[in-house]
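J.: One structure, as structure tokens, below. Some questions next.
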Amino acid sequence: MADTSKILRAILLVGGLAAIGYGAYSLLKRLQTQGTAGQTGGGTSQQGDTTGGSTPPSTPPPSPPTPPTPPPSPPSPEVTVLGVTANPNTFQTQTTFIVQISPAGTVADKITIAIYDLLGMKVAELTGTNTTTVTWNPGNLRNGAYIYKATVQCAGKTWGPFQGFVYLER
């Protein structure tokens with residue numbers, strides 16, 4: 001019986017209480033009480049108890065083990081705006097500005113594109129929200145090169161200005 005007590009005590013000390021439950025804890029306490037009663041000379045208490053029987057030490061049951069904490073979630077990848085391109089470029093009727101954002105699948109909160117002629121006059125301003133593309137139809141503008149400046153708001157940051165040329169040829 002002492003061997004059983006030692007084994008159960010070892011399991012509890014290693015932290016197996018959660019695995020084997022409160023029933024094993026009760027069994028261990030009962031075995032300890034029986035071992036103490038047998039060692040004290042026929043059922044008398046070591047403390048001079050006048051009731052004639054042995055009383056187990058009053059220890060509260062252990063508090064339940066705390067549940068394991070879940071592993072931390074992997075950090076979300078850093079959002080980066082890599083650039084803005086126009087496709088097709090050279091175009092006849094319209095071109096689409098495409099924002100390249102890493103990681104793939106991320107959309108921009110807001111895209112603003114200002115378009116200038118070669119004299120520096122603003123000829124158009126485009127905006128888009130929750131997207132990665134903005135389309136421009138130049139209307140009655142003449143053939144030639146146009147400069148674009150784009151800013152992108154994404155993941156709480158403002159990126160840009162991104163600059164480039166688009167070529168209109170009808």
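The values are calculated or read from the model by the stated rules, or taken from the named source; none is laboratory data. Predicted model only: the values in this text are computed from it and were never measured. Please note: Cβ atoms are built from the backbone with ideal geometry, for glycine as well, and neighbour counts cover all protein chains shown. Note: accessible area is taken over every heavy atom of the protein model, side chains too, but ligands, DNA and RNA are not part of it. Shrake-Rupley method; radii C 1.70, N 1.55, O 1.52, S 1.80 Å.
J.: Could you list, in sequence order, all residues of segment 118-140 that are loosely packed, with under 15 Cβ neighbours inside 10 Å and part of a loop (DSSP other than H, G, I, E, B)?
T.: Scanning segment 118-140 gives 118, 119, 120, 121, 137, 139, 140.
J.: Just to be sure, is residue 91 farther than 14 Å from residue 147 by Cβ, out of contact with any His (no Cβ under 9 Å at 6 or more places or on another chain) and among the aromatic types (Phe, Trp, Tyr)?
T.: yes
J.: Another question, then. When segment 82-137 is examined, which residues are found to be of a type in the set (Lys, Arg) and either free of Cβ contacts under 8 Å to residues at least 24 places away in the same chain or in contact with a Pro (Cβ under 7 Å, 6 or more places away or on another chain) (or both)?
T.: 122 - this is the single residue of segment 82-137 that is of a type in the set (Lys, Arg) and either free of Cβ contacts under 8 Å to residues at least 24 places away in the same chain or in contact with a Pro (Cβ under 7 Å, 6 or more places away or on another chain) (or both).
J.: Which condition number does residue 68 fail, the rest of (1) open to solvent by 70 Å² or more (accessible area, probe 1.4 Å); (2) in a strand (DSSP E or B) being met?
T.: So residue 68 meets the others, but not (2).
J.: Looking only at segment 145-153, decide whether some residue is in contact with a Pro (Cβ under 6 Å, 6 or more places away or on another chain), of a type in the set (D, E, K, R) and modelled with pLDDT of 95 or more.
T.: Yes, segment 145-153 contains a residue that is in contact with a Pro (Cβ under 6 Å, 6 or more places away or on another chain), of a type in the set (D, E, K, R) and modelled with pLDDT of 95 or more.
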